[in-house]
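These notes are about the structure you will find just below.
No lab work stands behind these numbers, since they all come straight from the coordinates. Values in this document were obtained by computation on a predicted structure and should not be read as measured data. Glycine also receives a Cβ, built like all others from the backbone with ideal geometry; neighbour counts cover every protein chain displayed.
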Amino acid sequence: MKLIHQKIRQIPKVELHSHLEGTIQPSLVKKIAKRNNIKLRDGLFTQQGDFAWNDFVTFLKAYDEVSSCLKHSKDYRDITYDYLKSCALEGTIYAETFISPDHAAEMGMSYEDVLSGCTQGIDDAERDFGIIGRIIVTCVRHLGPNQAVRIAQLMVDEPHPYIVGFGMGGDESQYVASDFTPAFQIAFDAGYPCTVHAGEVCGSESVWDAINHLPMISRIGHGVRSAEDGELIKTLANRKLSLEVCPGSNLALALYPDWKSHPLKQILKAGISVSLNSDDPPFFNTSVGKEYQNGAEHFNLDLKQLIYISRMAAESSFADTKTKAYLIKKINEWSID
Ligand code: ADE
Ligand code: ZN
């Protein structure tokens, strides 16, 4: 391994954007499905053993199928532990991951059971690897505004110190942002910082829609398509909104034909706060560690710029003040030489 790759591996990393149900490796899905007596559809995997999908809609379908193998609290404990372990082995010191109570409810699981599994996985991973894990509860856009309100209320009614924020993923082409203002308002009024997926499969108009109708958000999931609109880029920088950028996911989903078309550098130059993230690691053949390596390889980012990204991520994380201070101290203490 080249020296630069070794150094990048050691950088203290902060991941802010992954979907817990989308972090499950094919081998773990097979193991969990087997113990839950679930037969997986043959077409779920490619001949090489990866998840099979070919566009955003078939990706979401495969993701739903994988989620539907989770039936018990222990399943959530195991996937949380496995994900945080793999992050920690790549130098990650803190990871926020989205959980989707809607997916669990489909399988008849209560919110309490999901939460007890996830928090156990977080505790076990911190004990074994020192990584701090936290949860962002997400609603699913294509399931509609009423369901989003239900999820926000569920989160507010049953607080837990590891739940640090509220978000929304799913099919960005469905509904408009204002449909979800009531759900985000419930979360925000109860003190939860918010993030929303926008500017991923839809263009800059979707980001305008989000920032105009969901004023409570402090971060945007992806948001990379904002680069198509100079006025929007300026607005994001002025309002200090952070983008959770996931270049490997964007390339895999063919938002961009190649690395040189991806606007990460342009976004950084505009002074916008960014983090580097994996989104759904096994689906997109990535990980937070690979995203940092890609930063060097495909965007020419040096160690100083990569550590600066870790610092921006820590600052825009939803961690409490004490945890944030700890993360920033760890990042500042890391020496390039
Ligand atoms: N859910 C899981 N991954 C997602 C993505 N990349 N965009 C929107 N919703 C998602
Ligand atoms: Zn995402």
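Within the range 269-282, the set of residues being in contact (Cβ under 8 Å) with a residue 40 or more places away in the chain and surrounded by fewer than 24 Cβ atoms within 10 Å (Cβ to Cβ) comprises Ser273, Pro282. No other residue among Val137, Val114 is within 16 Å of ligand 2 (Cβ to nearest atom), buried (at least 22 other Cβ atoms within 10 Å of the Cβ), without any contact (Cβ under 8 Å) to a residue 60 or more places away in the chain and on the phi < 0 side of the Ramachandran plot apart from Val137. When Lys290 is tested against (1) out of contact with any His (no Cβ under 6 Å at 6 or more places or on another chain); (2) buried (at least 21 other Cβ atoms within 10 Å of the Cβ), only condition (2) is not met. Checked against (1) at positive phi; (2) within 15 Å of ligand 1 (Cβ to nearest atom); (3) out of contact with any Lys or Arg (no Cβ under 7 Å at 6 or more places or on another chain), Val245 passes all but a single condition, namely (1).
Could you list all residues from the range 156-179 that are in a loop (DSSP other than H, G, I, E, B), surrounded by fewer than 20 Cβ atoms within 10 Å (Cβ to Cβ) and on the phi < 0 side of the Ramachandran plot? Of everything in the range 156-179, those that are in a loop (DSSP other than H, G, I, E, B), surrounded by fewer than 20 Cβ atoms within 10 Å (Cβ to Cβ) and on the phi < 0 side of the Ramachandran plot turn out to be Glu158, Pro159, His160, Pro161, Tyr162, Asp171, Ser173, Gln174, Val176.
Scan the helices (runs of 4 or more DSSP H) fully inside the range 13-111 and keep the ones with 1 or more residues being without any contact (Cβ under 8 Å) to a residue 24 or more places away in the chain, within 16 Å of ligand 2 (Cβ to nearest atom) and surrounded by fewer than 17 Cβ atoms within 10 Å (Cβ to Cβ).
On the way: elements: 26-35, 56-67, 73-88, 101-106.
Those helices (runs of 4 or more DSSP H) span 56-67.
Of the residues Asp171, Asp179, Asp189, the single one that is of a type outside the set (Ser, Thr, Tyr) and under 18 Å from the mean Cα position of the chain (by Cα) is Asp171.
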